[in-house]
1. Please give the average number of partner chain Cβ atoms lying within 10 Å of the Cβ of each residue in B:285-293, rounded to a whole number.
2. Please work out how much accessible surface A:Glu166 shows to a 1.4 Å probe, ignoring ligands, DNA and RNA, in Å² rounded to 10.
3. Considering every residue in A:222-229, what mean count of other chain Cβ atoms within 10 Å of its Cβ is obtained?
4. Students sometimes get this wrong: rank B:Cys99, A:Cys340 by accessible area, probe 1.4 Å, all chains present, largest first.
5. What is the antiparallel percent of DSSP beta bridges lying wholly in the protein assembly as shown, to the nearest 5?
6. Can you report the principal axis dimensions of chain B using only the alpha carbons, biggest first, rounded to whole angstrom?
7. So how compact is region B:120-235: Cα radius of gyration and Dmax in angstrom?
8. Just to confirm the numbers: B:Met12, label point 7 angstrom along the Cα-Cβ line, distances to the other copies in nm, shortest first?
Protein chains: 2
Amino acid sequence: MNSVGLVTARSMHFNDPLTLQSGAVIGDYTLIYETYGELNADKSNAVLICHALNASHHVAGYYADQPQNIGWWDNMVGPGKPVDTTRFFVIGINNIGSCFGSTGPMHTNPATGKPYGHHFPLVTVEDWVRAQSLLADKLGIYRFAAVMGGSLGGMQALAWSMMFPERLAHCVAIASTAKLTAQNIAFNDVARQAILTDPDFHEGHFYEHGVVPVNGLRVARMIGHITYLSNTDMSEKFGRELRMGQYQFGFGVEFEIESYLHYQGEKFSSYFDANTYLLITRALDYFDPAAPYGGDLTRAFANAQSAFLLVSFTTDWRFPPESTRAIVQALINNRRQISCAEIDAPHGHDAFLLDDKRYHDLIRAYFDRIWFDTFKREAS
Amino acid sequence: MNSVGLVTARSMHFNDPLTLQSGAVIGDYTLIYETYGELNADKSNAVLICHALNASHHVAGYYADQPQNIGWWDNMVGPGKPVDTTRFFVIGINNIGSCFGSTGPMHTNPATGKPYGHHFPLVTVEDWVRAQSLLADKLGIYRFAAVMGGSLGGMQALAWSMMFPERLAHCVAIASTAKLTAQNIAFNDVARQAILTDPDFHEGHFYEHGVVPVNGLRVARMIGHITYLSNTDMSEKFGRELRMGQYQFGFGVEFEIESYLHYQGEKFSSYFDANTYLLITRALDYFDPAAPYGGDLTRAFANAQSAFLLVSFTTDWRFPPESTRAIVQALINNRRQISCAEIDAPHGHDAFLLDDKRYHDLIRAYFDRIWFDTFKREAS
């Protein structure tokens, strides 16, 4: 119910080269995206949703041939949902370097005729945002009503506000941060090391060997997953529950939490690309818009024009409320219009994907305000 | 200075079989240990130091042929140090299953004539404590002035107080816990998975293949190491410092924290045994003395007779102060004599190994009291 229903992924090809922050050039490329709702006549009701590490353009609804494949933010986006598709024209976009359709490491490198693999150039949050802006150009959308994302998606929303200040009215960044901590980088590093040292990785050219670095991906995902959940939530859900009721004195699955992590690791390794994992975690590491300003986040936001909604979750130890507070302070210093909330939710970083009532009520109220302030006022 | 100086590891062989908690039997075995200071006439000044995951019997001093190989708690144990070897006879012991000399996975399995490898039976904290008590028997020590340890070593001290209540006057458990949380188990699990899925692990029989699962051990240690350090400390020490001053846009070492973790991982994989890592992390997982009492830790400590010193560190997110508070509460419920402290130290779990002044002053004061209360009073 209240689903956007059946959706179809779309594709946009770009013939002009994209020069990346690294200096590398992607000659031509394709972006995959989905849209929900109707673009209004003056193209002012568009909302761009940016995805996080393991998600895609498939934000809401389901596919005709995959009725179980529900979009990753289906609880947030749809008719009557917090981001209401009867009001807004919502775009989900898949980033370059991903493994869900947009040009990425498993696609053919025109220079060699073989898959890019490990030779796919490193892309940054800012590169993604530039590519997204080019898609917006092709769709004839100059200014978004909002650019929105959680976690790495939130970084993209923040980058939009700095790179294209006049192209968004609202920036909505949830469970995000303006830079990774040493601990965040450390977890990404270990996950990458698990992949890079898997003999089946073949220096990133495993496609040609007909194998997948399953063990590395599995360990990487397990590490990631631990950081997505709160300690409390994990204790409440799994505690020290035993699979067999008593110790088996071996190295098989003893505890329910092990079983859960193995399942998550295996599922992930069956669909996610190892090169994409490396690329995206590096993009996370690199994001640090204050760096060119000597670490001064206030200066980094100096040109921002949009209004902001910033949301964090008390039990998120990956990007904790302090990370969001630093952003809020920088925006206050710039006298931006800000709404912010620290939501006391038990689910850790993953809370941004769940439908906690207070969280969804907040997003709903914020988008109600965007709607009434901007569109109803114009209409009346 | 103030070192116990030159030390020599000793060896004690046991011909009688040890039946383990799992039901497995070790036919005969050897324990390696070191001693510092002099045992007094009535053998009442002995302090047993139990080691944590990657340590050994080599608690203090150095070896004639390895002057750089300083004991792991050399800052704590020595003449004039918090545990003063001019007063106490201190014993460091290496546990069964370890890779530092006591009978373990790389030793010959008498049943096959080959190294035990993966067939070495799983040992628990309680098994270690029983073996330690048999060593004490051979040394003619019935009652320890104190049994002491940090982290997993603290678990052994706690187990002593429950299993052999009349054989210790004081139990000193630092940065420890009465049971692992789901998150603790999850981290151990991922570390083990990295080892178990390393092709060089050969199901635990890598010795015969002349290889070592270096990649698995390396990833395991990196994961562990992240959990030993506090987020704050890591941020202060490494922050987002770059190796080359600017992004290299690759998957080599970019950040100083990566360099540090790789160094730690490589060092560890060069000396630590993979089967031992598996065994010891499982012993950590299994420790849960309240389990037989329906999770009631108060009942688990019902027979404890010793006095207790419990120390935790505010930034330890592996075994945080709450874990210690649960132990303190159970001991209060049993009306035990307790001293406890939560020390506001920045160094996370590793703080128990460092010489923070408040921490060492506390341990010193506690052992002063043991000395004056017990021995000076007797002497006067």
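1. 2
2. Here the residue's solvent-accessible area equals roughly 70 Å².
3. Going residue by residue through A:222-229 and averaging, the value is 4.
4. Solvent-accessible surface, decreasing: A:Cys340, B:Cys99.
5. Working: 28 of 83 bridges.
Once the DSSP bridges in the protein assembly as shown are tallied, antiparallel ones form about 35 percent.
6. Extents along the principal axes, in whole Å: 71, 52, 50.
7. So, for region B:120-235, Rg and Dmax equal 17.9, 49 Å respectively.
8. Listed shortest first, these distances are 7.5 nm.
The values are calculated or read from the model by the stated rules, or taken from the named source; none is laboratory data. Since the structure is predicted, the reported quantities are computational estimates derived from the model, not experimental observations. Every residue, glycine as well, gets a Cβ built from its backbone with ideal geometry; the counts of neighbours run over all protein chains shown. These area figures cover heavy atoms from the full protein model, side chains too; ligands, DNA and RNA do not enter into them. Shrake-Rupley method; radii C 1.70, N 1.55, O 1.52, S 1.80 Å.
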